[in-house]
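One structure is given below, encoded as structure tokens.
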Amino acid sequence: MDQNVLERIKQTVTGNDIVLYMKGTPQFPQCGFSGLAAKVLKDSGAKDFVAVNVLADKEIHDNLKHYANWPTFPQLYIKGELIGGSDIMKDLFEKGELQKMIAKATA
């Protein structure tokens, strides 16, 4: 576990309203879960969010699981708080909760 990398992750998630750590990019996701997460975010009204490609940054890839004790990707953070992965995002979206969270975070 690298404290410098964990601090970098903390600065990213606390310095931006919405952050999605994913495999690939929203335009070119590298796994189905990341693709679903990016789509759900966009469908929820998130126009401006930070997407971090964990495949392009080995340090982030290797240390992110320690930051919030969440072992898999993607990971969505809103206002510095871990929301979860694509399954949780999809569930929140279907209940209308994710849209509210995004609207509140970007108001």
Here the qualifying pairs (Cβ atoms under 6 Å; residues six or more apart or on different chains; first in the stretch 45-71 and free of Cβ contacts under 8 Å to residues at least 24 places away in the same chain and farther than 21 Å from L92 by Cβ; second surrounded by 13 or more Cβ atoms within 10 Å (Cβ to Cβ) and not small (G, A, S)) come out as H61/V54
Within the stretch 65-84, of all residues that are modelled with pLDDT under 95 and either part of a strand (DSSP E or B) or not aromatic (F, W, Y) (or both), the one surrounded by the fewest Cβ atoms within 10 Å (Cβ to Cβ) is N69
Apart from one, (1) modelled with pLDDT of 95 or more; (2) out of contact with any Phe, Trp or Tyr (no Cβ under 6 Å at 6 or more places or on another chain); (3) of a type in the set (A, V, I, L, M, F, W, C) all hold for I9; the odd one out is (2)
Flagged pairs (Cβ under 6 angstrom, 6 or more apart or on separate chains; first in the stretch 1-18, more than 17 Å from D62 (Cα to Cα); second surrounded by 13 or more Cβ atoms within 10 Å (Cβ to Cβ) and of a type in the set (S, T, N, Q)) are D17/T106
Scanning the stretch 15-43 for residues that are among the small types (G, A, S) and either out of contact with any Ser or Thr (no Cβ under 6 Å at 6 or more places or on another chain) or not in a helix (DSSP H, G or I) (or both), the one nearest to M101 (Cα to Cα) turns out to be A38
Of the residues in the stretch 26-50, those that are hydroxyl-bearing (S, T, Y) and either surrounded by fewer than 17 Cβ atoms within 10 Å (Cβ to Cβ) or out of contact with any helix residue (DSSP H, G or I) (no Cβ under 9 Å at 6 or more places or on another chain) (or both) number 0
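The values are calculated or read from the model by the stated rules, or taken from the named source; none is laboratory data. Every value quoted in this text rests on a predicted model; they were computed, and no experiment measured them. For neighbour counting, all protein chains shown are included, and Cβ atoms are generated from backbone atoms with ideal geometry for every residue, glycine included.
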